[in-house]
DNA sequence: GCCGTTTTCGGCCCGACTGTTTTCAGTCG
């Protein structure tokens, strides 16, 4: 008999299905409001600031904005059975290849349906053949030009890389901005907008906004950039190019007096803008990219358009504080702005140190001293050396003897720093491998000698959910483990995250005080912001670390790590390494004591089980030895919000 | 399909661009 509370789908799976339903209904010609409702619900699931399984179990699906009776019923069916009859019926009606066809630029749902009905094409391959044979132009409403665009579009689709990690895109864009600024002296503002400004982990295309006295010269300089592999369009105030890596860059040049409205408009997200405009209408304003216009109930203009030179003026005119770009995802930020409860998001300047970095003792490329001095040069007050542990042979993991050698070197270095009057301390930690069976590389007495122990999983990432989760939770309960590094193990665009039960990981972090790392390494960005937000609400303490293997990585990694934390609504109080060193060490000490207490409680439960002749393995006993404790606020720092 | 400081029914964000047209539907951001 199946457990009725067992979830058979994740929020991501369900969002995908709801989006597909939206696509298929649109192709079928359903009302755009209905299709939008499905997509809106999908967005809401992806940005849900809580665990969907918990919301579902609590019977509160309809509390999710955009989820009403019908969609709640469908989510419930997916959670219970992993399938949805409505979805399967739609697939039978609308060939899935039609959805792929709508990915071609200029081909939307209506065109896809027309092509299916008139030519019988059911996918990209069919369509390309039809276009090359000149059959597309025979369809009423489509012409030779459209036929050509379809051929080009399919070619582009094949060539274009998928979304790229933000860490790859950001340096490229900064170079573009610098070149434009250098080439066109009269540029007054230049900034990226879109998903890049919101700091999404991966980026699809790039929007650049410029104000300048002579827009044409900016567009011309833009089209002439050496990075442009193709010029898509070039107008008086707008231009689009494609870079060699396939990425599209759109440029818009505007008057300085309207800069705030344009920046707001092109930063999005789409759903945030929709919600903001809705709110604006209730306040008697119509918003577009040019400004705010007072309107009556029928949306007829009743006054002059208000020009906004800054985004703060856009939000301010509506009586709202400025909402930081990173949280403009239609996940409660407008409500929080209205209520005056927007978070005071963490910034790069709040970081006082870095708790995860490598030297040439394992797989880094610089000496311990070089890594330490570079951290001090950035203004950090402390850094934690975390070379890999013994079992990670590929990274030249340290034997216990080498760990002890490091201890001596670090002692000498700190003495030297003190003698120089440098206000900086190098901590001695390690990146402890959580092995396949959940055990750790070094015995407890060695771990106890280290200042801050970071534990992580590099092997067995493909283990079944229960197994990989149990390894991680087991490590978190070890009093000597202080931080779980890059928890999911994902590599953006290269490796899928481990199938962790984050509900359990986050609850354990909140219960034990073990920190979860927000790893700013560009190919990781792990923890993903959605889990940061859950953690923030559950009272988890986080760290933001670089995982630097070279001093050059510190700055960008810290920036990206902070960006992910901000997307997760994290404030300085949620981030351990915003604290002075003595407070940081005190927190770790307190968490360790708490874990010893917890362990004692659990082992007494285990004894009771033994007494009753009912034996279980260690990890099982930890997980099942008693009712799961309610998540408690993590120590002194997290008062919840 | 969702939702309520305008509503339990009748609304639902806004504008630019473009190709194929004689006034606009479809697509995109």
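Observations, loosely collected:
- Single residue of region A:159-205 satisfying the filter (more than 25 Å from residue A:258 (Cα to Cα) and assigned to a loop (DSSP other than H, G, I, E, B)) that is farthest from the chain's Cα centre (by Cα): A:160
- Qualifying residue in region A:541-549 (condition: surrounded by fewer than 21 Cβ atoms within 10 Å (Cβ to Cβ) and either free of Cβ contacts under 8 Å to residues at least 60 places away in the same chain or more than 13 Å from the chain's Cα centre (by Cα) (or both)): yes
- Meets criteria (modelled with pLDDT of 95 or more, assigned to a loop (DSSP other than H, G, I, E, B), more than 16 Å from DNA strand B (Cβ to nearest atom) and closer than 22 Å to residue A:428 by Cα) for residue A:364: no
- Residues of region A:277-307 classified as more than 35 Å from the chain's Cα centre (by Cα) and surrounded by 15 or more Cβ atoms within 10 Å (Cβ to Cβ), total: 3
- Of the helices (runs of 4 or more DSSP H) entirely within region A:7-111, those holding at least 1 residues that are under 21 Å from the mean Cα position of the chain (by Cα) occupy A:11-27, A:32-46, A:52-57.
- Within region A:26-41, residues that are assigned by TED's automatic domain parsing to the domain that holds residue A:16 have Cβ atoms under 6 Å from residues that are within 7 Å of DNA strand B (Cβ to nearest atom) in these pairs: A:26/A:109; A:27/A:109; A:27/A:112; A:40/A:66; A:41/A:66; A:41/A:67; A:41/A:71, counting only partners at least 6 apart in sequence or on another chain.
- For region A:63-98, the set of residues classified as buried (at least 20 other Cβ atoms within 10 Å of the Cβ) and under 30 Å from residue A:147 (Cα atoms) consists of A:94, A:98, listed by residue number.
- Residue ID - nearest to residue A:425 (Cα to Cα), chosen from residues in region A:555-565 that are touching a helix residue (DSSP H, G or I) at 6+ places or on another chain (Cβ under 7 Å) and surrounded by fewer than 23 Cβ atoms within 10 Å (Cβ to Cβ): A:558
The values are calculated or read from the model by the stated rules, or taken from the named source; none is laboratory data. None of these values were measured; they are calculated from a predicted model. Reconstructed Cβ throughout: ideal geometry from the backbone, glycine too, with neighbour counts over all protein chains shown.
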